[in-house]
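> The structure's right below; bear with me while I get my questions together.
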Amino acid sequence: MYEDLLLGVSKPARYIGKEWNVSGKSFAAAQVRFALCFPDLYEVGMSNVGVRILYGLLNSIEGVVCERFFSPELDMESALQNSGRPILSLESAAGLRDFDLVGFSLGYELNYPNVLSLLSLGGVPLLASERDASYPLIIGGGPCVLNPEPLHEFFDIFVIGEGEEVIGELTTAYRAAKAEFKSGAISKQELLLKLAQIEGVYVPSLYEITYRDDGTIASRRPICAQAPEVIRKRVVKDLDAAYYPSRWMVPYIQVVHDRVCIEIMRGCPNRCRFCQARQQYYPFRQRSLEKIQSLAQAAYRATGYEEISLGGLSVTDYPRITELLKSLIAFFSADKIAVSLPSIKPRDMVSDLSGIIASIKKTALTFAPEAASEKMRQVLGKDFDIEEFKRALARSFELGYQHIKLYFLIGIPGEQSGHLQEIVDFCRQAADMRRDYDSRRGQVNASINALIPKPHTPFQWCSMEGEASIYQKQQVLKTLNRSRNVRLAFHDSRMSVMEAILSRGDRRLSQVIWRVFSQGGRFQASGDHFNSQLWQQALAAEHLDSGFYLRQRQIDEILPWDFLDLGVPRSWLESEYNKAIALS
C-alpha cells in the first residue's frame, strides 16, 4: 500500500483501513466492484451516515464488493504525485480504475474540486465523454444532486433520492450488461440508456440545453425518445424494512462524529421555507420504537462505543420520543453509555422531556430561532414561539445549564437594518435571564449565517445578497454587540456566496470547477483552504457573472433543476413563495 509514505504525512491512520467491523469481502471474486468515494478527509467521511449505509448495503449483496476512498490531505496528495502512484482503496489496495462503478457522496458544493482530484489521483479521465468501457462509470448522489447540472461534464450518472432504494437495481442492471459493455457488444451510450430506465437515475449526457442571449435557459430536451423528461426522486417507503448498519465501523483515529448514530426518522413535519433538507427527505417517515431499540443495542454490542446519538432533521418531533429516550437510557445506564440528541425545540424544555434532556445533555443547549423578530420568522415560515422559548430558557437555567447556542439567518427577504439590532438584543436578553437563578449572566454563543435561497425551496426564486452586503452586516453585528456574555460567530461571506452560485448554477459551471481544480483548489469547504480569488478568476475566464446566479428568478423561468421531481408540488412552492414575499 503506502507504508513507505505514511511516516511523512499527518494522521497516517487515515490511509491504513483495517478498522474494526470493516468488510472482508474478496475483491477478486466479485462480479461487480463498487468504489465508494467521499470528497473530503477520512474523519469527515467516516462521520457520514449515508456512506456507512451504502457501504454496508452494497457489501451485503451477493457478488458485489464495495471499498472506500477519501480525499487525501494535501501532504498525502503530494506524496502520491511525487512517487507516481495512484490512490488505492482502504480495503484491498485496489486502484480506482479497477472498479466497475465509482460512486461519490456529494454533501457540500465547495468540495466539488476534490471530486476531480480523486479521479485524477486514480488515473481516471475527468470528462465523462473521454471515458470508454475500460474505465468505471462515475455516479453522483447525496444532497448536492438536487441540482446536479454544475457537475454534468464529469459524471455519467446521478442518483436522485435515497441511494439505498436504487443502488441494488443499479448494480443488478450493470451486472446483467457488464459482459456486453466490456466486450464492445454495446456502446457506453446504450448502457447508459438502459440504466436511465431505472426510476431515480439521471444521465446528463442524454439531454441537451440551449441558452438565451441573457444567459437564461431557453430549452432542455432529451436527445433520444427513451430518456425520461422528468426524473423522479426515489424514496424508502418503510424505514423498518430498509437496511441500516448495526456493525458500525470503528476508526483508529477520532472522527468528527465519533459515536454510533441511529437514524430514527427521515423528513420533517415542519415547513420552514428556507430548508432544502425537508424537500430532500420528503415525506416524513419514522422507524418503529422497537426497531430503533434493536439497532442501538446491536450497534453497541458490535462496537463498544460509549455514546449513542439519535439522528434526524428534528428528532424531538419523533412521535414517541419520550418513551424512546426512557427505554434507551434504562437499557444503557448500567454500562454508563450516553444517549444524545442533536437538537431540541423550546417546547421540549417545558414538557415532561426536560428532565430527560437534563440527564443526557452535558454542555450547552441549542435552539434555532433563525430570526429575532416575529415578522422575519413568519417570512421564513419558522414555527418558534417566543414565550415558549423564554419558559424554556428559564427551565434550562433552573436545571443548571450555563451555555446556550442560538442559530440566526441574515439576508432574509424584506430584512431591515433594525433586524440586526434585534438579533443582538435577543441574545443579550437570553443571557440576562440566568440572573433570575444566580448573580451571573448566561453565556450565549450565536451562529449567524447568510440565507442561501436553495433549489426546490419556496425561496428558489429569491435573490441572494452579495458578498459585500453580507460582510457589512456582519461588521454591524460585531459593532452592536458589546456584551462579553454574547459571542457571535459568522460563516465566511465569500464562501456563502460561492456555495449559492454552485447550488443555483447551470451546466456552464462545470468548466469553472475544472479551472479551480487545475489551479490547485482543494478542500474549498474549509476556511483554511478556501480561495475566493481562484473562483472569481475561474468565473471570469468562462465569462460568467456571479450576480447572474445570485439574482431574482422569474416564476416562469426554466430553472436548471426543474426537471427533478422531489414529490413536493411546484404549486406549493409557488404558493409559499408568494406568501413569504407578501409578508416581507
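> Looking at this structure, is residue 116 over 27 Å from residue 203 (Cα atoms) and surrounded by 19 or more Cβ atoms within 10 Å (Cβ to Cβ)?
So residue 116 fails the test.
> Considering only residues of region 203-223 that are open to solvent by less than 30 Å² (accessible area, probe 1.4 Å) and in a loop (DSSP other than H, G, I, E, B), which is farthest from residue 505 (Cα to Cα)?
The residue in question is 203.
> Let me ask another. Considering only residues of region 41-65 that are open to solvent by less than 20 Å² (accessible area, probe 1.4 Å) and without any contact (Cβ under 8 Å) to a residue 60 or more places away in the chain, which is farthest from residue 98 (Cα to Cα)?
The qualifying residue farthest from residue 98 (Cα to Cα) is 51.
> Given the residues 222, 204, which is the only one that is under 25 Å from the mean Cα position of the chain (by Cα) and not basic (Lys, Arg)?
Every option except 204 fails the conditions.
> Moving on. In the set 469, 463, which member is within 24 Å of residue 558 (Cβ to Cβ), touching a residue at least 40 places away in the same chain (Cβ under 8 Å) and either surrounded by fewer than 19 Cβ atoms within 10 Å (Cβ to Cβ) or among the small types (Gly, Ala, Ser) (or both)?
One residue alone meets the criteria, 463.
> Looking at region 1-19 only, could you name the residues that are in contact with a strand residue (DSSP E or B) (Cβ under 8 Å, 6 or more places away or on another chain) and among the aromatic types (Phe, Trp, Tyr)?
2
> If you scan region 66-76, which residues turn out to be more than 29 Å from residue 277 (Cβ to Cβ) and open to solvent by 10 Å² or more (accessible area, probe 1.4 Å)?
Across region 66-76, the qualifying residues are 74, 75.
> Further, regarding this structure: Quick one: count up the residues across region 271-285 that are surrounded by fewer than 20 Cβ atoms within 10 Å (Cβ to Cβ) and either in contact with a strand residue (DSSP E or B) (Cβ under 6 Å, 6 or more places away or on another chain) or under 19 Å from residue 322 (Cβ atoms) (or both).
Of the residues in region 271-285, 2 are surrounded by fewer than 20 Cβ atoms within 10 Å (Cβ to Cβ) and either in contact with a strand residue (DSSP E or B) (Cβ under 6 Å, 6 or more places away or on another chain) or under 19 Å from residue 322 (Cβ atoms) (or both).
Yes/no matrix, rows are residues, columns are (1) open to solvent by 40 Å² or more (accessible area, probe 1.4 Å); (2) touching a Lys or Arg at 6+ places or on another chain (Cβ under 9 Å); (3) over 29 Å from residue 452 (Cβ atoms):
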position: 249; (1), (2), (3): no, yes, yes
position: 265; (1), (2), (3): no, yes, no
position: 268; (1), (2), (3): no, yes, no
position: 290; (1), (2), (3): yes, no, yes
position: 304; (1), (2), (3): yes, no, yes
position: 322; (1), (2), (3): yes, no, yes
position: 330; (1), (2), (3): yes, no, yes
position: 348; (1), (2), (3): no, no, no
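> Let me ask another. Taking the conditions exactly as written (buried (at least 21 other Cβ atoms within 10 Å of the Cβ) and either among the β-branched types (Val, Ile, Thr) or touching a Cys at 6+ places or on another chain (Cβ under 8 Å) (or both)), does residue 568 satisfy them or not?
So residue 568 fails the test.
> Further, regarding this structure: Among 416, 402, 429, 421, which is at pLDDT 95 or above and surrounded by fewer than 18 Cβ atoms within 10 Å (Cβ to Cβ)?
Only one candidate passes the filter, namely 421.
> Can you find even one residue in region 263-285 that is under 15 Å from residue 49 (Cβ atoms) and hydroxyl-bearing (Ser, Thr, Tyr)?
Yes, region 263-285 contains at least one residue that is under 15 Å from residue 49 (Cβ atoms) and hydroxyl-bearing (Ser, Thr, Tyr).
> Can I ask one more? Would you tally the residues in region 468-486 being out of contact with any Cys (no Cβ under 9 Å at 6 or more places or on another chain) and not in a helix (DSSP H, G or I)?
Total satisfying the criteria: 2.
> Oh, and also: How many residues does region 80-104 contain that are open to solvent by 20 Å² or more (accessible area, probe 1.4 Å) and outside any loop (DSSP other than H, G, I, E, B)?
Counting residues in region 80-104 that are open to solvent by 20 Å² or more (accessible area, probe 1.4 Å) and outside any loop (DSSP other than H, G, I, E, B) gives 6.
> Sticking with this one: Which members of region 319-333 meet the condition of being more than 14 Å from residue 291 (Cα to Cα) and in a helix (DSSP H, G or I)?
Across region 319-333, the qualifying residues are 322, 326, 329, 330, 331, 332, 333.
> Further question: Can you name the condition, by its number, that residue 367 falls short on among (1) over 27 Å from residue 583 (Cα atoms); (2) open to solvent by less than 30 Å² (accessible area, probe 1.4 Å)?
Status for residue 367: all satisfied but (1).
The values are calculated or read from the model by the stated rules, or taken from the named source; none is laboratory data. Keep in mind that what you see is a predicted model, and the values were worked out from it rather than measured. Here Cβ is always computed from backbone atoms with ideal geometry, including for glycine, and neighbour counts include all displayed protein chains. Side chains included, ligands, DNA and RNA excluded: accessible areas come from the protein's heavy atoms. Shrake-Rupley method; radii C 1.70, N 1.55, O 1.52, S 1.80 Å.
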